[in-house]
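The values are calculated or read from the model by the stated rules, or taken from the named source; none is laboratory data. No experiment lies behind these values; they were computed from the predicted model shown. Note: ideal-geometry Cβ built from the backbone for every residue, glycine included; neighbour counts use all protein chains shown. SASA here: full protein model, heavy atoms, side chains in, ligands and nucleic acids out. Shrake-Rupley method; radii C 1.70, N 1.55, O 1.52, S 1.80 Å.
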Amino acid sequence: MPAPLFPIDYRNRGMRTRLGCLSHKSDSYNDFTAILPDKPNRALKRLSMEEATRWADSFDSLLSHKYGVAAFRTFLKTEFSEENLEFWLACEEFKKTRSTTKLASKAHRIFEEFIDVQAPREVNIDFQTREVTRNNVQEPSLSCFDQAQGKVHSLMEKDSYPRFLRSKIYTDLLTQTQRRLS
């Protein structure tokens with residue numbers, strides 16, 4: 001049997017997941033148990049209509065709620081742009097680092113995963129921001145990703161967030177929380 005023209009590297013889990021999503025891509029999500037953290041059925045019962053509606057007030061309101069982040073992540077996966085949220089969350093976690101020895105390794109890991117050219121989950125930022133961040137990582141501080149994180153936050157807020165609010169994922173979630181009250 002001849003070798004395939006494009007051999008598949010099954011070790012690359014991210015690519016497999018993306019390819020699998022192509023056949024399952026949907027703007028709807030009727031089974032919210034898969035997107036909610038912790039114990040999904042209990043989480044959905046705890047999510048109030050008021051909380052879910054509050055996510056539409058501001059992007060930061062959505063990001064401050066763990067179920068909001070979970071729903072937004074699910075939506076971004078349907079658009080193949082979850083790396084933006086993952087980078088933003090990695091930066092938030094990075095800012096909590098107290099050990100100076102861990103700071104450098106975490107900074108380099110985030111840079112290599114999200115910022116560097118051809119990074120596995122490269123975020124869409126301009127050249128100048130990429131270079132400023134590259135220089136900041138040479139002598140990392142808790143604020144070394146602030147400019148890049150701000151650009152990504154702004155991009156999500158202006159682009160992905162309005163689409164999320166109009167998405168079937170979000171409207172179905174609102175409907176499901178409303179039904180539970182009835």
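A56 fulfils the conditions (1) under 17 Å from L173 (Cβ atoms); (2) part of a helix (DSSP H, G or I) except for a single criterion, (2). Of all the residues in region 111-155, those that are touching a residue at least 60 places away in the same chain (Cβ under 8 Å), out of contact with any Asp or Glu (no Cβ under 7 Å at 6 or more places or on another chain) and either under 19 Å from T101 (Cβ atoms) or surrounded by fewer than 16 Cβ atoms within 10 Å (Cβ to Cβ) (or both) number 0. Here R98 meets the list (1) within 23 Å of Q128 (Cα to Cα); (2) not polar (S, T, N, Q); (3) not in a helix (DSSP H, G or I) almost entirely, failing just condition (1). The set of residues in region 51-92 being within 13 Å of the chain's Cα centre (by Cα), at pLDDT 95 or above and of a type in the set (D, E) consists of E82, E83, E86, E92. If the condition is being in a helix (DSSP H, G or I), in contact with a helix residue (DSSP H, G or I) (Cβ under 9 Å, 6 or more places away or on another chain) and not basic (K, R), then region 163-182 contributes F164, L165, I169, Y170, T171, D172, L173, L174, Q176, T177, Q178, L181. Scanning region 61-95 for residues that are among the polar types (S, T, N, Q) and not in a helix (DSSP H, G or I) gives S64, S81. For S105, the criteria (1) more than 27 Å from Y67 (Cα to Cα); (2) open to solvent by 70 Å² or more (accessible area, probe 1.4 Å); (3) in a helix (DSSP H, G or I) hold in every case but one, which is (2).
Does N84 meet the test of being closer than 16 Å to S154 by Cα and surrounded by 12 or more Cβ atoms within 10 Å (Cβ to Cβ)?
Values: closer than 16 Å to S154 by Cα: yes; surrounded by 12 or more Cβ atoms within 10 Å (Cβ to Cβ): yes.
So N84 fits the description; yes.
The sole residue among S154, S143 that is under 28 Å from A56 (Cα atoms) and of a type outside the set (V, I, T) is S154.
Can you name every residue in region 119-162 that is β-branched (V, I, T) and either assigned to a helix (DSSP H, G or I) or in contact with a strand residue (DSSP E or B) (Cβ under 9 Å, 6 or more places away or on another chain) (or both)? Quick ask: steps written out before the conclusion?
Within region 119-162, the first condition is being β-branched (V, I, T), and the residues that meet it are 123, 125, 129, 132-133, 137, 152.
Across region 119-162, the qualifying residues are T129, V132, T133, V137, V152.
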